[in-house]
1. Expressed in nm to one decimal, what extension gain is obtained for the pair ARG180 and VAL62 from 0.36 nm per residue of sequence separation less their Cα-Cα distance?
2. Quick one: pull the percent of accessible area on the chain belonging to carbon and sulfur, 1.4 Å probe, ligands and nucleic acids left out.
3. Could you run the Karplus curve 6.51 cos²θ - 1.76 cosθ + 1.60 with θ = phi - 60° over region 224-232 and give me ³J(HN,Hα) per residue in whole Hz, x for Gly and Pro?
4. How much of the pair distance distribution for the chain lies past 27 Å, counting alpha-carbon pairs only, in percent?
5. Projected onto the charge dipole of the chain (+1 at Lys/Arg Cβ, -1 at Asp/Glu Cβ, origin at the Cα centre), which of ILE12, PRO139, SER256 gives the Cα projection farthest towards the positive end?
6. Dipole of the chain, Cα-centred, from +1 at each Lys and Arg C-beta and -1 at each Asp and Glu C-beta, to the nearest 20 debye?
7. Can you compute the radius of gyration and Dmax for region 143-215, using only the Cα atoms, both in Å?
8. Before rounding to the nearest 500, sum -39500 (n - 2.57) across all DSSP H runs of length at least 4 in the chain and divide by the residue total; then give [θ] at 222 nm in deg cm²/dmol.
Amino acid sequence: MKIFLSVDMEGISGLVRWMDVASQGIDFDRNRRLMTLDANAAIEGAFEAGASEVVVEENHGVEDLCVLLTDEVDARCSVVRGAGRPGPTTMAGLDESVDLVFLVGHHAAAGTWPGIMAHTVSGGRFKTVRLAGQRVGEPDLFAIRAGEVAAPIGLITGDQMVIEEVRKRVPGVESVEVKRALGRQSGEIIPPARAREAIQQGARRAVERAQRGEFTPYRGEPAPYEIEVELVEAPDDVMRANLATLPEFELAGDRSVVTEAPDMDVGFRRIAYLSYAHTPGATRY
Ligand SMILES: [Zn+2]
């Protein structure tokens, strides 16, 4: 059984504020170690339960998506990292060969309250991302993409809000609440040492349940996908000029961009593109 493990930083045990996850923040090297150890706990649990392969993919958008400490990550896995990956940016390793998906250290959607560092793709630039008119977060997009390649979601770790969001699409998902959000940058945490034990157990249960056929791939969202990204600020001239070369995007109202994506590979890449579409000359994604 091959596991695809997407690891983000906002939902890692012990971390509650933006300064914890920014490369110029506070104790960043220590915090990336916490991220590595939460991932390791899930990897350990997966192998214990009989997984044959674990591919870890980095999802945290600082340091060109190279945040894990590779000399401390479990030696049995492989790691997909770095910017400019083919396919849907941070899901390059999520393909038909994957049997089960873990989301470790993920966070709630933009607009969720409370929700530790809640955002969708871009904390600074996106106010909300909607799919067919409904607000969505990154785990929603992962669940949809995973469904397209017939891989079920087996595990989510993070705060109570991201868990609630994932359960809406995947009611039986294994979940590990490593902290309880009290605001956007505050929460009641359980110490990482204990959180990691819970993550290891959750990962083990997820693989055992997958072996018993208890999970089914999510297929609740009909394609094509009607995606709307509501921006924090109205697009500037550079962004307008870039978007004018890409007919698949359409400006809607003051500060929204809409697009219709045939699948979530393309959909996720388009959403990610809008986070840097204000960069001069950025007309490819
Ligand atoms: Zn992140």
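1. 40.1 nm
2. On the way: 5440 of 11800 Å².
Summing carbon and sulfur atoms, their accessible area is 46 percent of the total for the chain.
3. x, 9, 8, 10, 10, 10, 8, 8, 5
4. Details: 14087 of 40470 pairs.
Beyond 27 Å sits 35 percent of the P(r) for the chain.
5. Farthest towards the positive pole: ILE12.
6. Numbers: 31 positive and 44 negative charges, 82 e Å.
Once rounded to the nearest 20, the dipole reads 400 debye.
7. Spelled out, the Cα radius of gyration and Dmax of region 143-215 are 13.2, 39 Å.
8. Numbers: 7 runs with 85 residues, N = 285.
It lands at -9500 deg cm²/dmol.
The values are calculated or read from the model by the stated rules, or taken from the named source; none is laboratory data. Every value quoted in this text rests on a predicted model; they were computed, and no experiment measured them. Here the Cβ is made from the backbone with ideal geometry for all residues, glycine too, and neighbour counts use every protein chain on show. The area values use the complete protein model at the heavy-atom level, side chains included, leaving out ligands, DNA and RNA. Shrake-Rupley method; radii C 1.70, N 1.55, O 1.52, S 1.80 Å.
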